[in-house]
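K.L.:
This is the structure I have questions about; it appears just below.
The values are calculated or read from the model by the stated rules, or taken from the named source; none is laboratory data. Not measured: the values here are computed from a predicted model. Please note: Cβ atoms are built from the backbone with ideal geometry, for glycine as well, and neighbour counts cover all protein chains shown. Side chains included, ligands, DNA and RNA excluded: accessible areas come from the protein's heavy atoms. Shrake-Rupley method; radii C 1.70, N 1.55, O 1.52, S 1.80 Å.
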Amino acid sequence: MIERPYDGCGKCLVGVRRLSRVKLATSSPERQRENVLTAAASVGAHIVGWADDWEVSGATDPVTRPKLGPWLRDERGPYDGLVAAAVDRLDRNVVDCLNTGYKMRDEKKMLVTYGHDGAWDLDDPADENRFTMEAWGAQMELRAIQRRNRDATIKTRAAGRPKGKPSYGFQYVRKVMGGKIDHVELHPHASEVIREVARRIVADPDNVTTSSEAARLNRAGELSPADHLAVMYGKLAGGRPWSPQSLKNILLSE
């Protein structure tokens, strides 16, 4: 069994998956899972838990990520190392990526990624250099993505067009059906949903969190941002639940 509880065998690994943007059509989570399981099997290891950080930027320090962070801070129980689909799933910042790698080395834990033969040995100069180069490549890719996004935003704003779909709580308004977008206004229902979440958290921050609010919205059957957007544009809701991280992102962007 490739997935089973911690048994002290020395090869009990945590599977690491991350995706900046989760869309209904994406197959990346499944591909990452297959790659992680393949990499774990190649070193005779098994998975004791998953650190799945969805809607989390590659620029986020692994120690502060919602799912991976608790493992790195030793808050989730014993484990013998990490296995990821690629180095860039660990992080897209060179310093943070190296810090994670050296933490595994210093604690005598395994670090495995799909596509690398065996576990990484950061005491070996060749392996250390390759790991650093892959981390550097991930960072350069992130910088390129950020630059393209900034350029696209500047161009669309200069042309008087919005970039992308409206954020949760807002809607585009057209004076003529099918015409250009005239302005942006608050969505009457969604804006009140997010305001109520903010009010509840501010009123009782010790007991009300984004996690508890995400759970409350799911229990109430409130459409998640992705499903809400789908319905707004005449599509079927995909049944995706609210997540604490997406809720936090919305609150911080307001």
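K.L.:
What distance in nm lies between label points placed 7 Å from Cα along the C-beta direction at Ala198 and Lys175?
P.N.:
Here the modelled spin labels are 2.9 nm apart.
K.L.:
For the chain, what is the accessible area per residue in Å² when the probe is 1.4 Å? Intermediate results must be reported in sequence, preceding the final value.
P.N.:
Numbers: 14240 Å² over 254 residues.
For the chain, the solvent-accessible area averages 56 Å² per residue.
K.L.:
At a Förster distance of 22 Å, what's the computed FRET efficiency of Val184 paired with Ala152, Cβ-Cβ distance as r, to 0.05?
P.N.:
Here the calculated transfer efficiency is 0.80.
K.L.:
To the nearest 10 square angstrom, how much accessible area does Met110 have with a 1.4 angstrom probe?
P.N.:
Approximately 40 Å² of Met110 is accessible to the 1.4 Å probe.
K.L.:
Separate question: Just going by the charge dipole of the chain, with Lys and Arg at +1 and Asp and Glu at -1 on Cβ, which of Met177, Leu90, Gly221 is farthest out on the positive end?
P.N.:
Met177
K.L.:
As an exercise, take the mean of 1/r over every pair of distinct alpha carbons in region 71-227, invert it, and state the Kirkwood radius in angstroms.
P.N.:
Hydrodynamic radius (Kirkwood, Cα pairs) of region 71-227 is 20.1 Å.
K.L.:
Using Cα pairs under 8 angstrom and six or more residues apart, how large is the relative contact order of region 37-149, in percent? Before the final figure, lay out each step's value.
P.N.:
Values: 137 pairs, mean separation 29.3, N = 113.
Value for region 37-149: 26 percent.
K.L.:
Here's a follow-up. About the Cα centre of the chain, what is the dipole size in debye to 20, counting +1 per Lys and Arg Cβ and -1 per Asp and Glu Cβ, all else neutral?
P.N.:
Working: 39 positive and 35 negative charges, 298 e Å.
Around 1440 debye, computed over the chain.
K.L.:
Taking N as the number of residues in region 1-108, what value does Rg over Cα atoms divided by 2.2 N^0.38 Å take?
P.N.:
Working it through for region 1-108, the quotient is 1.01.
K.L.:
With r defined as the distance between the Cβ atoms of Val208 and Val95 and R0 fixed at 35 Å, what FRET efficiency is calculated, to the nearest 0.05?
P.N.:
With R0 = 35 Å, the Cβ-Cβ based efficiency is 0.55.
K.L.:
Between region 180-252 and region 94-160, what's the alpha-carbon centroid distance in Å?
P.N.:
31 Å
K.L.:
Let me know the charge dipole size of region 1-91 about its Cα centre in debye, to the nearest 20, where only the beta-carbon of Lys, Arg (+1) and Asp, Glu (-1) is charged.
P.N.:
Details: 13 positive and 13 negative charges, 41 e Å.
Using Cβ point charges on Lys, Arg, Asp and Glu, region 1-91 gives about 200 debye.
K.L.:
Probe radius 1.4 Å, ligands and nucleic acids ignored: give me the carbon and sulfur share of the accessible area of the chain as a rounded percent.
P.N.:
On the way: 7540 of 14240 Å².
Ligands and nucleic acids excluded, carbon and sulfur give 53 percent.
K.L.:
Moving on. Quote to one decimal, in nm, the extra length available between Asn129 and Arg219 on full extension: 0.36 nm per residue of separation minus the C-alpha distance between them.
P.N.:
27.5 nm
K.L.:
Once you put a point 7 Å from the Cα of Lys235 and another 7 Å from the Cα of Ser191, both along the Cβ direction, what distance in nm separates them?
P.N.:
If labels sit at Lys235 and Ser191, their model points lie 2.5 nm apart.
K.L.:
Would you kindly state the longest site-free stretch of the chain, with sites defined as chymotrypsin sites (Phe, Trp or Tyr not before Pro) in a DSSP loop (not H, G, I, E, B) surrounded by at most 15 other Cβ atoms within 10 Å?
P.N.:
Here the longest run is 7-232.
K.L.:
Quick one: if you stick a label point 7 Å off each Cα along the C-beta vector at Thr38 and Asp61, how many nm between them?
P.N.:
Inter-label distance under the simple model: 3.4 nm.
K.L.:
Would you mind checking Lys11/Lys103; Lys67/Lys103; Lys67/Lys235; Lys11/Lys67; Lys155/Lys175; Lys67/Lys108 for any pair whose Cα atoms are more than 27 angstrom apart?
P.N.:
Working: Lys11/Lys103 16 Å; Lys67/Lys103 17 Å; Lys67/Lys235 31 Å; Lys11/Lys67 20 Å; Lys155/Lys175 23 Å; Lys67/Lys108 22 Å.
From the list (Lys11/Lys103; Lys67/Lys103; Lys67/Lys235; Lys11/Lys67; Lys155/Lys175; Lys67/Lys108), the Cα-Cα distance tops 27 Å for Lys67/Lys235.
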